[in-house]
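Since the structure comes first, as structure tokens, the remarks are kept for the end.
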Amino acid sequence: MLSGGRVHKDHPRIAAYGTLDELNSTIGLLLTESVPDEARPPLEHIQRSLFSLGAAMADGEGRATHDETQWSTQPIEEWIDAMERDLELSLIH
């Protein structure tokens, strides 16, 4: 941990690190494939957010500064809404 503190390997924070790392790795693997051009920026944004969130979690004492705006879910939610609208339109036609 960035804070230098020690916790057991079954600590919830360690489990959360693992989950963030797995998701980030999956997105990274996806980005090595051919994805639609419009999907790449949101996926890269999500990756940066996950890195930032992981760093903040590792800083249990709050010593480092973190850009919390990086963690906003609004851009992701808007992207999902747009994809759902596109899907609905494609189902109509």
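The values are calculated or read from the model by the stated rules, or taken from the named source; none is laboratory data. Remember, it's a predicted structure, so these values are computed and weren't measured experimentally. Using ideal geometry, Cβ is built from the backbone for each residue, glycine included, and neighbour counts are taken over all protein chains shown. Note: areas computed on protein heavy atoms with side chains; ligands, DNA, RNA excluded. Shrake-Rupley method; radii C 1.70, N 1.55, O 1.52, S 1.80 Å.
Points to keep in mind about this one:
- Share of carbon and sulfur in the accessible heavy-atom surface of the chain [1.4 Å probe, %]: 57
- Computed E for Ala39/Trp71 - FRET, C-beta separation, R0 22 angstrom, nearest 0.05: 0.60
- Gain in span if fully extended, Thr26 to Ser52, counting 0.36 nm per residue against the direct Cα distance: 7.7 nm
- The chain: relative contact order in percent, alpha carbon pairs under 8 Å with at least 6 residues between: 35
- Separation between Cα centres of the range 59-79 and the range 24-42, rounded to whole Å: 20
- Simple Cβ-charge dipole of the chain, Lys/Arg +1 and Asp/Glu -1, about Cα centre, in debye nearest 20: 600
- Ratio of the Cα radius of gyration of the chain to 2.2 N^0.38 Å, where N counts its residues: 1.36
- C-alpha long axis of helix 74-92 to longest principal axis of the chain, angle in °: 30
- With protein chains left intact and a 1.4 Å probe, residues in the range 3-90 average 73 Å² of accessible area per residue.
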